[in-house]
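No value in this document is a laboratory result; all are computed from the given coordinates. Everything numeric here is computed off the predicted structure, so don't read it as measured data. Here the Cβ positions follow ideal geometry from the backbone for every residue, glycine too, while neighbour counts run over all protein chains shown.
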Amino acid sequence: MLDMKFLREHPEEVKENIRKKFQDSKCPLVDEVIALDKENRALKQHGDDLRAQRNSLSRQIGGMMKEGKRNEAELLKQQVSAMAEKMKQVEAKEGELAEKIEKIMMIIPNMIDPSVPIGRDDSENVEVERYGEPVVPNFEIPYHTEIMERFDGIDLDSARKVAGNGFYYLMGDIARLHSAIITYARDFMINRGFTYVIPPFMIRSNVVSGVMSFAEMDNMMYKIEGEDLFLIGTSEHSMIGKFIDTILDEKKLPYTYTSYSPCFRKEKGAHGIEERGVYRIHQFEKQEMIVICKPEESAKWFEKLYQNTVDFFRSLDIPVRTLECCSGDLADLKSKSVDVEAWSPRQKKYFEVGSCSNLTDAQSRRLKIRVNGEKGKYYAHTLNNTVVAPPRMLIAFLENNLNEDGSVSIPEVLQGYMGGMKKLEVKK
RNA sequence: GGAGACGUAUCGAAGUGGUUGUAACGAGACUGAUUCGAAAUCAGUUGACGUGUGAAAGCGUCCGUGGGUUCGAAUCCCACCGUCUCCGCCA
């Protein structure tokens, strides 16, 4: 959500930004909302005048009643009553206009960072850097569910019976590996100075509409029947929501959290054959990081955040690359976003395992997350990034650590979390 | 789930229909005086949002949220949300 003042003063820049995101059909909204805003302010002035008049007359009535001038008071009462109809109309119009304006402001995209490459969709995202050697071994690597099955580590058939497609039973060493990765990720981030948090896994609708766009909400969120509650799609939702409607002390910034949660997503729409197994699922677990900081520091934090994910994967010997999201692939609230992708030796390409975003002040404006600083009040910047989402990351883990004899090596940093195991051996 | 109490600005807290409510009072914070410096003391300042302006003044809105009654609502009525205490149930 943009600042109305900014939009009023820089309409051409806002339109240019919309065009860069290939959403040209939204351009007319800019002039439309400026006109509405102008009308709204004039109407508000009119309403304020009426209210001032009423307040003043009502005070006079109060005075007269005390002095016992009943007849005069009655006359004034009638006068104020006569205004009532007009005020009602003005107030109704005020509400109507404010609603229209907000609706438009919600769909005008955030200003993208000047460094964001211009492109229509994810095919035009730009590789930034590769870390580690993407190795293709000289033996065949099976689909990840097949590797898991060798260890009796997955049961999708039962999951389908119990909950439907998009759910899984992880079992035995594979389940243990999953938990080990989450726990290791938690400690990894704690060691980097982040505060560990376990947040609510359900949130109210007002938080939902603050942290994401309407399109996302419809495609992602599960609603609890009969309650004003939604299952979170990521702990970012409850973690940013934590700060809703607050004024933070500048001295306490930045807030750097790493949170654990299960995540629930509808994942509406058809998905390809490469997204079977545990790639795209309705329920998964994730270790997340979020930062709330001063505007001038968000660019620096952005770099640090995705670097954390890169370092995490590299500590497990998984080759990764960073991919800059182009303008058209950037969600409307985001100013800049980098995906971290892990190497798949089976597919011989990289696939997404995490996403790092700087939302500048767009999210905080919606949620009213402000900072009381030396130079006055301002909106904080919010950022979020995936540390790791183990079900999906297991794909990269198993593929990259698979040995020719079918065993899977466990990197040193993880062995402690696996009870000292150095290898998963195939059961005969 | 049942019963009761409560929700007022950074915090505590008064305020049960009106010119004296511009939300008292107290604490905290900030500024100044005093002091070699500090504590204590004294004086002053200290909510948010919108509008307006060169800047201001002014005006409007906000007393958990949303409605209603009234010329006028923190105050009365209704619904919802939340907190606390006790009871019940349950990891």
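At what distance in angstrom do the alpha carbon centres of region A:173-200 and region A:97-169 lie from each other? Going from one Cα centre to the other spans 20 Å. Using R0 = 60 Å, the C-beta based FRET efficiency linking A:Glu216 and A:Asn403 works out to 0.90. Tell me the label-point distance for the pair A:Glu303, A:Glu146, using the 7 Å Cα-to-Cβ offset, in nm and rounded to one decimal. Distance between label points: 4.4 nm. For region A:135-164, backbone nitrogen atoms closer than 19 Å to the point 7 Å from A:Glu425 Cα along Cα-to-C-beta are found at A:148-153. The simple Förster model, with R0 at 30 Å and r as the Cβ-Cβ distance, assigns A:Phe201 and A:Gln347 a FRET efficiency of 0.40.
Summarise the long-distance tail of P(r) for region A:288-416 by giving the % of C-alpha pairs beyond 17 Å.
Values: 5138 of 8256 pairs.
Percentage above 17 Å: 62.
As I understand it, the dipole of region A:273-387 uses +1 on the Cβ of Lys and Arg and -1 on the Cβ of Asp and Glu, about the Cα centre. Which of A:Val371, A:Ser298, A:Gly277 lies farthest toward its positive end? The one lying farthest along the dipole's positive direction is A:Val371. Remark: chain A carries a charge dipole of roughly 1460 debye about the Cα centre, counting +1 on each Lys and Arg Cβ and -1 on each Asp and Glu Cβ. Note on A:Val413 and A:Asn165: their simple-model spin labels are 3.6 nm apart, each label 7 Å out from Cα toward Cβ.
Relative to the present Cα-Cα distance, how much length would full extension add between A:Glu32 and A:Asp311 at 0.36 nm per residue of separation?
Contour length minus the Cα-Cα distance gives 95.8 nm.
Given their separation in residues at 0.36 nm each and the Cα-Cα distance between them, A:Glu275 and A:His46 gain 76.7 nm when the chain is fully extended.
Applying the Kirkwood pairwise sum to the alpha-carbon positions of region A:168-316 produces a hydrodynamic radius of 17.1 angstrom. Highest mean packing comes first when the peptides A:41-53, A:97-109 are listed by Cβ atoms within 10 Å, giving A:97-109, A:41-53. Taking 7 Å along the Cα-to-C-beta vector as the label spot, tell me the A:Ala98-A:Ser81 distance in nanometres, rounded to one decimal. With each label placed 7 Å out from Cα toward Cβ, I get 2.8 nm. Of the GluC sites (Glu not before Pro) found in region A:136-185, those that fall in a DSSP loop while having at most 15 other beta-carbon atoms within 10 Å are A:Glu140. May I ask for the Kirkwood hydrodynamic radius of chain A, worked out over all distinct Cα pairs and given in angstroms to one decimal? Averaging 1/r across every pair of different Cα atoms and inverting gives 24.6 Å. Computed from the Cβ-Cβ distance with R0 of 30 Å, the FRET efficiency linking A:Ser25 to A:Gln283 stands at 0.25. Taking 30 Å as the straight-line reach from the Cα of A:Lys422, the lysines in range (excluding those fewer than 8 positions away in the same chain) are A:Lys286, A:Lys348, A:Lys349. The packing ranking, built from the mean of other Cβ atoms within 10 Å per residue, places the peptides A:366-375, A:338-347 in the order A:338-347, A:366-375, highest first.
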